[in-house]
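Working notes, structure below.
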Amino acid sequence: MTPVQLAKDLHRRMGYPLGKAHYRMQMLVNDINGYGGPMRHVRKIAYKVKNLGDVMIRRKAAQEYTKDLKPSIAARVKELRKNGFAYFTEEVDPQLLAELKSFYDETLTKRSEVATASPSHPFFFSLMDDADYKTDHILLRFVLQESIIKAVSAHFGSVPFLNPMGIQESRHVKIEKKALRASQQWHLDYTTGGDEAVSAWVYFTDVPTVAQGPLTILPVEASRKVKNTFFPGRIEDEQIEQSELAKDVQPIFGPKMTVFLVSTHRCYHMGSRVHEGEKRVVGIFPFYKAADIDEFVKVTTPLENPQKMVVSHIPA
Ligand SMILES: O=C(O)CCC(=O)C(=O)O
C-alpha cells in the first residue's frame with residue numbers, strides 16, 4: 001500500500017477527527033492526486049520511467065503494425081487527431097458488426113429487463129456480465145479487430161491497453177442532486193497513467209436526435225478554449241455558452257450499429273440526457289495509452305501480438 005492509499009484508508013475508517021478544516025484539507029489532497037489533478041503530469045512521466053521497456057516495445061510494435069495503414073483508416077486517424085472524433089462504421093468488419101447486433105438482439109435486450117441502475121450514474125443501467133470478458137466473446141473479437149487496433153495504435157503511436165468496456169443502457173431518470181448528473185455534465189476523462197484515452201463506441205440503438213441523449217462533444221480546438229479550474233471538474237452548459245462555444249457543440253447522431261472513435265480525454269463531452277419515453281444503448285470500449293491496472297480479460301483463444309499486448313496489462 002502506498003502512503004497515499006494508506007492515508008485514504010485511514011480517513012475512510014476514522015472520518016475527519018479534526019473537523020471541517022481537516023475535511024477541506026483532505027478534499028484538496030484528493031484534488032491534487034485525482035486523475036484530473038495537476039499530479040497527472042507527474043504520473044505520466046513516472047509511468048514512462050517505471051515502464052520504459054514496455055513503452056518502447058509498444059511504440060516499436062505500433063510503428064511496425066501501422067506502416068502500411070489503409071488510406072481510409074489513415075484519413076480517420078487524421079480526423080481523430082484533429083477533431084478528437086471520427087466515424088468508423090465503414091472500417092469495421094461487417095460480419096463482426098452483424099454478430100454484435102445479434103448479441104444485442106438476442107442477449108442484451110433480455111438483460112435490459114432485469115438491469116439495475118448504477119449508484120453513481122442513476123441513468124446508466126449496465127448490461128455487461130463478468131462472463132463477457134473473454135477473448136472468444138463477440139465483444140472482444142469485435143474490439144480487437146485489426147482496423148480498430150490499427151487506428152488506435154496509429155493515433156497513440158503506441159499499441160494501446162484495452163480497459164474494461166461497458167454496455168450501458170441510458171434511461172430517462174429525473175435527477176435532483178447535481179453530483180448524480182455525472183456524465184450528463186461536460187467533462188474530460190482522465191486515466192490512471194496520466195496519458196491519453198480514446199474509446200470506440202457502438203450505438204446499439206438508433207440515435208437520430210437529441211431526444212435519445214447522444215454523446216455530445218466539443219471538438220479538440222473548441223475544448224482547448226473551455227475555461228476550467230486548476231483542478232478540472234464537471235462544467236455546466238451556461239459556461240459553454242458564456243465562452244461562446246455553443247456553436248461548436250457536436251451531438252453524435254447515427255443509426256443503430258454506428259461505430260465511432262472519440263478522444264474523451266481531449267474533447268469535453270456529455271451525454272445520456274435521454275428524453276422521456278426514449279432510451280439509448282451503447283457499447284464503450286476504452287483504450288488507454290498508459291495503464292497500470294490488472295488484467296481483466298480471460299484469454300480463451302490463441303492470440304497473437306499486438307492483440308495480445310492490448311489485453312495484457314501492467315499490474316497496478
Ligand atoms: O453517456 C454519455 O453519453 C456520456 C458518457 C461519458 O461521459 C463517458 O463515457 O465518459
Here are the criteria: (1) of a type in the set (Gly, Ala, Ser); (2) out of contact with any Lys or Arg (no Cβ under 8 Å at 6 or more places or on another chain); (3) at pLDDT below 90; (4) more than 24 Å from residue 192 (Cα to Cα). Tell me which single one residue 277 does not satisfy.
(3)
Any pair with Cβ under 8 angstrom, 6 or more apart, that starts in the stretch 262-276 at a residue that is small (Gly, Ala, Ser) and ends at one that is part of a loop (DSSP other than H, G, I, E, B) and within 10 Å of the ligand (Cβ to nearest atom):
271/213; 271/214; 271/215; 272/121; 272/123; 272/213
Looking at residue 153, is it more than 16 Å from the ligand (Cβ to nearest atom), among the small types (Gly, Ala, Ser) and not in a helix (DSSP H, G or I)?
no
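Per-residue answers, yes or no, for (1) buried (at least 22 other Cβ atoms within 10 Å of the Cβ); (2) of a type in the set (S, T, N, Q):
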residue	(1), (2)
235	no, no
238	no, no
241	no, no
249	no, no
256	no, no
264	yes, yes
269	yes, no
285	yes, no
294	no, no
Residue 303 versus (1) surrounded by fewer than 17 Cβ atoms within 10 Å (Cβ to Cβ); (2) assigned to a loop (DSSP other than H, G, I, E, B): which is the lone unmet condition?
(1)
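When the stretch 75-98 is examined, which residues are found to be surrounded by 14 or more Cβ atoms within 10 Å (Cβ to Cβ) and assigned to a helix (DSSP H, G or I)?
76, 77, 79, 80, 81, 83, 89, 91, 96, 97
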Matching entry among 222, 182, 200 (being at positive phi, of a type in the set (A, V, I, L, M) and crowded, with 17+ Cβ neighbours inside 10 Å)
182
Out of the residues in the stretch 234-287 meeting the condition of being aromatic (Phe, Trp, Tyr) and touching a helix residue (DSSP H, G or I) at 6+ places or on another chain (Cβ under 6 Å), tell me which one is nearest to residue 160 (Cα to Cα).
287
Might you let me know whether the stretch 116-125 holds any residue that is polar (S, T, N, Q), surrounded by fewer than 18 Cβ atoms within 10 Å (Cβ to Cβ), modelled with pLDDT under 95 and within 15 Å of the ligand (Cβ to nearest atom)?
yes
Pairs only if they're at least six apart or on different chains, beta carbon under 8 angstrom, first in the stretch 208-229 and under 21 Å from residue 280 (Cβ atoms), second away from the ligand (no atom under 12 Å from the Cβ) and of a type in the set (Asp, Glu); list them, first residue then second.
211/278; 212/206; 212/278; 213/278; 218/248
Among the residues of the stretch 267-293, count how many are within 12 Å of the ligand (Cβ to nearest atom), under 23 Å from residue 89 (Cβ atoms) and of a type in the set (Phe, Trp, Tyr).
1
What's the number of the only condition in (1) under 25 Å from residue 218 (Cβ atoms); (2) crowded, with 17+ Cβ neighbours inside 10 Å; (3) out of contact with any Pro (no Cβ under 8 Å at 6 or more places or on another chain) that residue 69 fails to meet?
(1)
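The values are calculated or read from the model by the stated rules, or taken from the named source; none is laboratory data. Just so it is clear, the structure is predicted and the values come from calculations on it, not from any experiment. Neighbour counts run over all protein chains shown; Cβ positions are idealised from the backbone, glycine included.
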